[in-house]
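Each remark here refers to the structure printed beneath this line.
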Amino acid sequence: MKKLTYLTLSLFSVFTFAQDVSKERVKTILSTLASDEMRGREIWTPENENAANYIATLFKENNLEYCTGNSYLIPFEYKGKKAYNVCGVKKGKTDKYLGFSGHFDHIGTSNKSGDNIYNGADDDASGITTLVGIADYFKNKKPDFSMVFMAFNGEEKGMLGSRAISEDKNLDKIYNNMTALFNFEMVATESQWGKNALYMTGDGFSDLDELFNKNAVNGLKINADPYAREQLFYRSDNVSFVKKKIIAHSFSTVDMSKATHYHHENDDVNIVDFDNMTQIINNFGKTLEKLNPQNFSPKYNDQVKFN
């Protein structure tokens with residue numbers, strides 16, 4: 001496990017870099033979210049709200065605009081309980097949007113003695129770190145696509161946050177112009193194809209991966225979903241946007257046949273390959289710089305179920 005040793009540095013430092021996101025920045029963000037002090041970030045706990053506020057601070061560091069209202073925090077209620085998603089916008093040269101998302105909640109703590117904190121370093125502090133890293137990469141750039149960054153809450157309780165924010169009418173202007181959503185889910189480890197590689201759930205349902213790979217730099221590769229029979233495409237936060245007929249897939253590196261840390265207390269920073277994560281983030285950024293509405297306009301095929 002990792003103690004909360006990076007929070008003060010991240011909250012109060014001004015990060016300046018010409019282009020690439022540093023490994024130390026990646027480590028700072030992930031280690032803060034997955035620290036023991038965050039107590040597993042279970043929804044409706046003070047630590048979960050602390051995580052939301054921390055992500056909002058990261059969005060502010062990157063000069064993102066509010067998605068709606070006067071805060072990065074977007075409240076929603078479920079059975080009378082309030083929680084928050086976090087959302088920020090980077091305006092590009094066009095009003096066509098790419099979305100980047102992940103969930104920041106995890107499953108809290110257990111009643112066992114000893115190590116009883118589900119730190120959720122891979123699931124899904126790694127996804128939040130990746131989308132913040134992409135925002136970092138574009139902090140001083142103006143991409144062709146506008147970008148929306150969404151940190152969802154309540155995924156572990158049935159994708160509560162992504163469902164709520166996908167139905168928020170205040171964001172319809174963004175959704176109506178969204179070309180695709182990249183949802184990052186468990187990207188902390190080296191994939192079965194090696195470093196600098198991910199897989200896309202539901203790869204047979206759209207040509208997003210093909211169009212992305214045509215423009216990918218430095219050997220970055222999005223591979224086919226090796227778990228197609230498990231229908232992961234419909235089991236993560238991307239499905240909330242699939243129902244709106246937005247191109248939305250989840251992207252992961254985890255080998256589920258070997259992931260002994262999944263929903264276990266040992267999902268902490270010790271399992272994270274920070275070199276690989278940093279490489280993926282920077283190569284994603286470099287690839288996204290090449291994308292524009294003319295060369296990147298993915299489409300679903302007729303196999304997709306929208307309901």
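The values are calculated or read from the model by the stated rules, or taken from the named source; none is laboratory data. Not measured: the values here are computed from a predicted model. Here the Cβ positions follow ideal geometry from the backbone for every residue, glycine too, while neighbour counts run over all protein chains shown.
Put simply, of Phe251, Phe296, Phe241, Phe233 the only residue that is in a loop (DSSP other than H, G, I, E, B) and not β-branched (Val, Ile, Thr) is Phe296. The single residue among Asp144, Asp115, Asp105, Asp168 that is charged (D, E, K, R), under 28 Å from Lys286 (Cα atoms) and touching a residue at least 40 places away in the same chain (Cβ under 8 Å) turns out to be Asp144.
When you look at Tyr227, is it modelled with pLDDT under 95 and either of a type in the set (S, T, N, Q) or out of contact with any helix residue (DSSP H, G or I) (no Cβ under 9 Å at 6 or more places or on another chain) (or both), yes or no? Spelling it out, Tyr227 is indeed modelled with pLDDT under 95 and either of a type in the set (S, T, N, Q) or out of contact with any helix residue (DSSP H, G or I) (no Cβ under 9 Å at 6 or more places or on another chain) (or both). Return yes or no: is Leu288 part of a helix (DSSP H, G or I), hydrophobic (A, V, I, L, M, F, W, C) and touching a residue at least 60 places away in the same chain (Cβ under 8 Å)? Yes: the conditions hold for Leu288. Assess whether Glu265 counts as being part of a loop (DSSP other than H, G, I, E, B), touching a residue at least 40 places away in the same chain (Cβ under 8 Å), among the acidic types (Asp, Glu) and more than 22 Å from Tyr227 (Cα to Cα). The answer is yes for Glu265. Looking for something touching a Leu at 6+ places or on another chain (Cβ under 7 Å) and of a type in the set (A, V, I, L, M) - is there at least one such residue anywhere in region 70-77? Scanning region 70-77 turns up no residue that is touching a Leu at 6+ places or on another chain (Cβ under 7 Å) and of a type in the set (A, V, I, L, M). Would you call Arg235 within 16 Å of the chain's Cα centre (by Cα), surrounded by fewer than 16 Cβ atoms within 10 Å (Cβ to Cβ) and of a type outside the set (Gly, Ala, Ser)? In short, yes. Every condition in (1) buried (at least 19 other Cβ atoms within 10 Å of the Cβ); (2) in a loop (DSSP other than H, G, I, E, B) holds for Phe306 except the one numbered (1).
All of Thr201, Thr253 fail the test of being farther than 30 Å from Glu37 by Cβ, modelled with pLDDT of 95 or more, under 16 Å from the mean Cα position of the chain (by Cα) and surrounded by 21 or more Cβ atoms within 10 Å (Cβ to Cβ), apart from Thr201. For Tyr227, the stated conditions do not hold, so it cannot be described as under 23 Å from Lys27 (Cα atoms) and in contact with a strand residue (DSSP E or B) (Cβ under 9 Å, 6 or more places away or on another chain).
Could you check, for region 70-84, whether at least one of its residues is among the aromatic types (Phe, Trp, Tyr) and without any contact (Cβ under 8 Å) to a residue 24 or more places away in the chain? Yes, that holds for at least one residue.
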